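The values are calculated or read from the model by the stated rules, or taken from the named source; none is laboratory data. Computed from a predicted model, the values in this text were never measured in an experiment. Neighbour counts run over all protein chains shown; Cβ positions are idealised from the backbone, glycine included. What goes into the accessible areas is simple: the full protein's heavy atoms, side chains included, and nothing from ligands, DNA or RNA. Shrake-Rupley method; radii C 1.70, N 1.55, O 1.52, S 1.80 Å.
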Amino acid sequence: MIRYLKHGKDVQVRSEDDVKVRSTVEGIIKDIEARGDVAVRDYSRKFDNWDPSDFRLSQGEIEAAMKSLSAREIEDITFAQKQVRNFAQIQR
C-alpha cells in the first residue's frame, strides 16, 4: 500500500496561486514602466537587499565577472538567456 507523506496542491489552489503570481508580476512591471530606475532600485533593495551606487557595470567589472566563471557556468547562463528570450518572443 502506498502511503504519501505529502500531497500536492489541487488544481483550484494552483490556479489561484498562478493568478496571484501573475498579478504581482504585472504590478511590478507596470511600476517599473511608470517609475523607471527608481522602481528598479526599490525592488533591488526589497528583493535582494542590494543597493549599488550604479547598476551599470564597467567593462572591467564585466570582464572580471566573466573570468570568475567556469565554462559550464557560462554555458548554463547562455542557455538560460536563450530560454528567457524565446519565452518573451512567444509572449509577444
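For the residues Y4, Y43, the requirement of being among the aromatic types (F, W, Y) and more than 25 Å from Q91 (Cβ to Cβ) singles out Y4.
On the stretch given as the range 44-62, residues that are open to solvent by less than 100 Å² (accessible area, probe 1.4 Å), closer than 21 Å to I74 by Cβ and assigned to a helix (DSSP H, G or I) total 3.
Which one is farthest from K30 (Cα to Cα) among residues in the range 63-83 that are open to solvent by 100 Å² or more (accessible area, probe 1.4 Å) and within 19 Å of the chain's Cα centre (by Cα)? Only one residue tops the list, namely E75. Does at least one position in the range 25-36 carry a residue that is assigned to a helix (DSSP H, G or I), on the phi < 0 side of the Ramachandran plot, under 20 Å from the mean Cα position of the chain (by Cα) and exposed (fewer than 10 other Cβ atoms within 10 Å of the Cβ)? Taking every residue of the range 25-36 in turn, at least one turns out to be assigned to a helix (DSSP H, G or I), on the phi < 0 side of the Ramachandran plot, under 20 Å from the mean Cα position of the chain (by Cα) and exposed (fewer than 10 other Cβ atoms within 10 Å of the Cβ).
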